[in-house]
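**Q** Here you go, one structure.
The values are calculated or read from the model by the stated rules, or taken from the named source; none is laboratory data. Being a predicted model, the structure only gives us computed values, none of them experimental. Positions of Cβ are backbone-derived with ideal geometry, glycine not excepted, and every protein chain shown enters the neighbour counts. We work out accessible area using only protein heavy atoms, side chains counted, and drop any ligands, DNA or RNA first. Shrake-Rupley method; radii C 1.70, N 1.55, O 1.52, S 1.80 Å.
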Amino acid sequence: MKFANDFLFGAATAAYQVEGAWNQDGKGMSNWDEFTKIPGKTFNGTNGDVAADHYNRYKEDIALMAEMGLESYRFSISWPRIFPNGDDEINPKGIEFYNNLIDECLKHGIVPFVTLYHWDLPLTLEKEGGWLNKKTGEAFVNYAKTCFEAFGDRVKNFITFNETVVFCGSGYLAGAHPPGIQNDVKKYFQAIHNVFYAHACAVLEYKKLDLFGEIGLSNVFSPAFPVTDGHEDTLAAIHANEYGTHWFYDPILHGKYPEYVIKRLEKNGYLPDWTTGELKTLAKAAPLNDFMGLNYYQPIRVEKISGEVEKIEITRENSTGSPGNPSFDGYYRSVKMDDKRYTKWDWEISPEGFLEGLEMLKDRYGQIKLYITENGLGDEDPIIDGVICDIPRIKFIEEHLKSVKEAVKRGIHIKGYYAWSAIDLLSWLNGYKKQYGFIYIDHKNNLERKKKMSFHWYKNIIETRGKEL
Ligand code: BGP
């Protein structure tokens, strides 16, 4: 079987991780520009000041993507490049850059797939309370509308937010992302709701403009599975899916939050402050959502915790996605299993979990249109005789694309696959050490670009529409 001609083979990046040019051409400071300069907050003090310098070298990068045969490029817009202070004056140079980037994609026949918020919040807004302040949501809608009006004639796919669970979880529970707050469950749920309300408002604004494009949101997709088929662990998986998946997908696709979680939040005093009007807006926007983006890296294996929860000190290291931590409410813990495969960063490699998870989504949400907006392997790629031998990445993507193929065969409505990442870039918590790209960036040699083995492999997959998988 081949993938259909309208299935998009793509790859993704995000502004802060790839652009650099942090203070060039009138860009304002973002929360990340500040956070990464605080000693001890990032891996070896790395930051995105220069990153891959994509801002200045986008033409070269897009040409390489075109050579790879990429059909679509998912990138994010840096909000503080468009609105340096978050909300008032527009920076024309910011608009110009994204116009150029979009036009360059189109020149090469690459479909631009645009994320509006991939975590770099204008610093002024962060200082005024960030996602806890409802004004940030209003500013977001204004920024989103500005982007729809400026780019919506050529961009036909907009993602409002990337991975709400990650930036809110890391920002308000683990303290590993800005604003660096730890263990504040109430704030965590409040921030999530404010984001989802902003998403719903942005969807309604987009639809008013009649731009004949599509809008959605990208969520992490980490289906939870019990470590044993015992009753307790099964309950743990149900609980983990309610909090980790349904809480994030239901408000977008069903227009309301799941009762299971609401009841518990009410009991513990964690229910967000929301108004009836906001909840109605979620319900109104849900049917207008055109697609859901899934970022899949790994499933989560869970076991129920009985008795006292062990207290673990939250550090940057133990919040980088490896198993072994209890859930914030002490109900379950994630487990590293002997019979599973793991990456160097202890992320489970499970194309089977991907497929099973997709079936779970279909059962709950029906035939929604899906894009796999991220999937890939973080690794340290060996260079042998000048060749960047990222064979484990090829294997990883091949296995996951096979799952996508099988899912499509079973009638799951997946319309595209975006590998993370198009080129090597900054890993939020692992600096430049953890590589994901098809294109290597030589940090010792003026950021020179080199094609990895996976570059050639992906090119062939695209050309043959996955027939050989
Ligand atoms: C996702 C983010 C990406 C990217 C990826 C890999 O959660 O959307 O921006 O960073 O994870 O993560 P990491 O770099 O931590 O390995």
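**Q** Could you tell me which of the residues GLY366, GLY376, GLY353 is within 16 Å of the ligand (Cβ to nearest atom) and not hydroxyl-bearing (Ser, Thr, Tyr)?
**A** GLY376
**Q** Continuing with this model, one more query. Looking only at segment 435-453, filter to residues that are out of contact with any Asp or Glu (no Cβ under 7 Å at 6 or more places or on another chain) and without any contact (Cβ under 8 Å) to a residue 40 or more places away in the chain; which one of those is farthest from MET68 (Cα to Cα)?
**A** Taking the candidates together, the pick is LYS444.
**Q** At least 2 residues that are within 29 Å of ILE215 (Cα to Cα) and touching a residue at least 24 places away in the same chain (Cβ under 8 Å) in each: list the strands (runs of 3 or more DSSP E) lying fully within segment 270-379 that qualify.
**A** 291-295, 370-374
**Q** For ASN194, state whether it is of a type in the set (S, T, N, Q) and either closer than 24 Å to TYR417 by Cα or without any contact (Cβ under 8 Å) to a residue 40 or more places away in the chain (or both).
**A** no
**Q** Looking only at segment 176-189, filter to residues that are within 15 Å of TRP119 (Cβ to Cβ) and open to solvent by less than 20 Å² (accessible area, probe 1.4 Å); which one of those is farthest from the ligand (Cβ to nearest atom)?
**A** If we take residues in segment 176-189 being within 15 Å of TRP119 (Cβ to Cβ) and open to solvent by less than 20 Å² (accessible area, probe 1.4 Å), then PRO178 is farthest from the ligand (Cβ to nearest atom).
**Q** Something else: When you go through LYS2, LYS59 one by one, which is the residue that is within 24 Å of LEU447 (Cα to Cα), of a type in the set (D, E, K, R) and more than 16 Å from the ligand (Cβ to nearest atom)?
**A** LYS59
**Q** Is at least one residue of segment 248-255 more than 29 Å from SER76 (Cβ to Cβ) and β-branched (Val, Ile, Thr)?
**A** Within segment 248-255, none of the residues are more than 29 Å from SER76 (Cβ to Cβ) and β-branched (Val, Ile, Thr).
**Q** So TRP79 passes all but one of these: (1) in contact with a Pro (Cβ under 6 Å, 6 or more places away or on another chain); (2) within 16 Å of the ligand (Cβ to nearest atom); (3) open to solvent by 10 Å² or more (accessible area, probe 1.4 Å). Which condition number does it fail?
**A** Unmet for TRP79, out of (1) in contact with a Pro (Cβ under 6 Å, 6 or more places away or on another chain); (2) within 16 Å of the ligand (Cβ to nearest atom); (3) open to solvent by 10 Å² or more (accessible area, probe 1.4 Å): (3).
**Q** Checking TYR440 against (1) open to solvent by 20 Å² or more (accessible area, probe 1.4 Å); (2) of a type in the set (Ser, Thr, Tyr); (3) within 11 Å of the ligand (Cβ to nearest atom), which single condition isn't satisfied?
**A** (3)
**Q** Here's a follow-up. Just one of the numbered conditions (1) within 11 Å of TYR16 (Cα to Cα); (2) open to solvent by 30 Å² or more (accessible area, probe 1.4 Å); (3) touching a helix residue (DSSP H, G or I) at 6+ places or on another chain (Cβ under 8 Å) is not true of GLU67; which one?
**A** (1)
**Q** Going by the structure shown, is PHE97 in contact (Cβ under 8 Å) with a residue 12 or more places away in the chain and either over 26 Å from PHE438 (Cα atoms) or within 16 Å of the ligand (Cβ to nearest atom) (or both)?
**A** The answer is no for PHE97.
**Q** Right, something else. Of everything in segment 380-394 that's in a loop (DSSP other than H, G, I, E, B) and in contact with a Cys (Cβ under 9 Å, 6 or more places away or on another chain), which residue is surrounded by the fewest Cβ atoms within 10 Å (Cβ to Cβ)?
**A** PRO382
**Q** Let me ask another. Looking at (1) on the phi < 0 side of the Ramachandran plot; (2) within 16 Å of the ligand (Cβ to nearest atom); (3) open to solvent by less than 40 Å² (accessible area, probe 1.4 Å), which one does ALA51 not meet, given that it meets all the others?
**A** Every condition holds for ALA51 apart from (1).
**Q** Taking the options GLU60, GLU19, GLU34, name whichever one is within 22 Å of LEU429 (Cα to Cα), open to solvent by 50 Å² or more (accessible area, probe 1.4 Å) and at pLDDT 95 or above.
**A** GLU34 is the lone residue from the list that is within 22 Å of LEU429 (Cα to Cα), open to solvent by 50 Å² or more (accessible area, probe 1.4 Å) and at pLDDT 95 or above.
**Q** Now for a different question. Only one of these conditions is not met by GLY86: (1) crowded, with 22+ Cβ neighbours inside 10 Å; (2) over 21 Å from the mean Cα position of the chain (by Cα); (3) touching a residue at least 60 places away in the same chain (Cβ under 8 Å). Which number is it?
**A** (3)
**Q** Let me ask another. Looking for something in contact with a strand residue (DSSP E or B) (Cβ under 9 Å, 6 or more places away or on another chain) and either open to solvent by 60 Å² or more (accessible area, probe 1.4 Å) or in a strand (DSSP E or B) (or both) - is there at least one such residue anywhere in segment 421-428?
**A** Checked segment 421-428: at least one residue is in contact with a strand residue (DSSP E or B) (Cβ under 9 Å, 6 or more places away or on another chain) and either open to solvent by 60 Å² or more (accessible area, probe 1.4 Å) or in a strand (DSSP E or B) (or both).
**Q** So which residues in segment 395-413 are open to solvent by 10 Å² or more (accessible area, probe 1.4 Å), within 21 Å of the chain's Cα centre (by Cα) and either acidic (Asp, Glu) or under 22 Å from ILE110 (Cβ atoms) (or both), if there are any at all?
**A** Residues satisfying the conditions are GLU398, GLU399.
**Q** Next question, about the same structure. Restrict the check to segment 148-157 and report whether at least one residue is within 30 Å of ASN325 (Cα to Cα), open to solvent by less than 30 Å² (accessible area, probe 1.4 Å) and outside any helix (DSSP H, G or I).
**A** No, because not a single residue in segment 148-157 is within 30 Å of ASN325 (Cα to Cα), open to solvent by less than 30 Å² (accessible area, probe 1.4 Å) and outside any helix (DSSP H, G or I).
**Q** Something else now. Out of GLY293, GLY216, GLY244, I need the residue that is more than 23 Å from ILE349 (Cα to Cα), among the small types (Gly, Ala, Ser), within 16 Å of the ligand (Cβ to nearest atom) and touching a strand residue (DSSP E or B) at 6+ places or on another chain (Cβ under 9 Å). Which one?
**A** GLY216
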